[in-house]
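The structure appears below as structure tokens.
The values are calculated or read from the model by the stated rules, or taken from the named source; none is laboratory data. The shown structure was predicted, so the numbers you read here are calculated from the model rather than taken from an experiment. Note: ideal-geometry Cβ built from the backbone for every residue, glycine included; neighbour counts use all protein chains shown. These area figures cover heavy atoms from the full protein model, side chains too; ligands, DNA and RNA do not enter into them. Shrake-Rupley method; radii C 1.70, N 1.55, O 1.52, S 1.80 Å.
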Amino acid sequence: MNGPTQGDAVDSILAQWRRERPDLDLAPMGVIGRLKRCSALMQRELDTAFSAFDMSRWEFDVLATLRRAGAPYCLSPTALFASLMITSGTMTHRLQGLETRGWIERLPDPKDARSKLVKLTPASLDLIDRAVEAHLENERRILAPLDAESLDVLDAQLAELLAILEPPRM
């Protein structure tokens, strides 16, 4: 696989390894290194859009998960942390922060008196609707240098890799 015509940070690392260990096949290191570097650089760009709404990435993720659940924008904490792939302890801490900010409310679960449900407040519903629009525009900006065909190929290849890495959904 040929790299880009201009060297990137991963090319520099690969060149060092080629010099030190010419016996190694470094192809996997190039692919994974570029994926990791792209992820880190994209997160920095994405965080800029979230900060415009005075929210962090994790706050966006929780509010967006509740929003995409559909009306009444309410989920159990268990459904939330499963969707976000975080621990229940982390979820509890995050919910406390969101509740303090007035972005969620915890309501009794009518199906289980021992449980609470997490629901968007009207203010956070408006906030997440505006934030997700800005987020999508930011993603479009990030990907704008790639043509539609390249994006389709990249998306298909990443979906294939994700299918290998991600456990099957039950």
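Numbers below:
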| quantity | calculated |
| --- | --- |
| Under the span-like rule (Cα at least 24 Å along the axis, Kyte-Doolittle mean at least 0.0), DSSP H helices of the chain | 27-51, 148-165 |
| Intensity falloff of the stretch 1-118 expressed as log10 I(q)/I(0), Debye formula with alpha-carbon point scatterers, at q = 0.09, 0.13, 0.14, 0.23 Å⁻¹ | -0.44, -0.68, -0.72, -1.29 |
| Value at 222 nm in deg cm²/dmol, rounded to 500, when DSSP H runs of n ≥ 4 in the chain each add -39,500 (n - 2.57) | -21500 deg cm²/dmol |
| Spin-label model distance (nm) - D129 vs L165, 7 Å beyond Cα toward Cβ | 3.5 nm |
| Accessible area per residue in Å² at 1.4 Å probe, computed on the chain | 70 Å² |
| Scaled radius of gyration (Cα, divided by 2.2 N^0.38 Å) that the stretch 34-88 gives | 1.31 |
| Amide proton proximity set for D109, modelled H, under 5 Å, gap of 5+ | S115, K116, L117 |
| Stretchable slack from R18 to S51, in nm (0.36 nm times residue separation minus alpha-carbon distance) | 7.8 nm |
| Length added when fully stretched, A79-Q157, from 0.36 nm per residue minus Cα-Cα | 25.2 nm |
| The stretch 49-143, Cα convex hull volume normalised per residue, Å³ | 100 Å³ |
| Percentage of interatomic Cα-Cα distances in the stretch 56-102 larger than 14 Å | 46 percent |
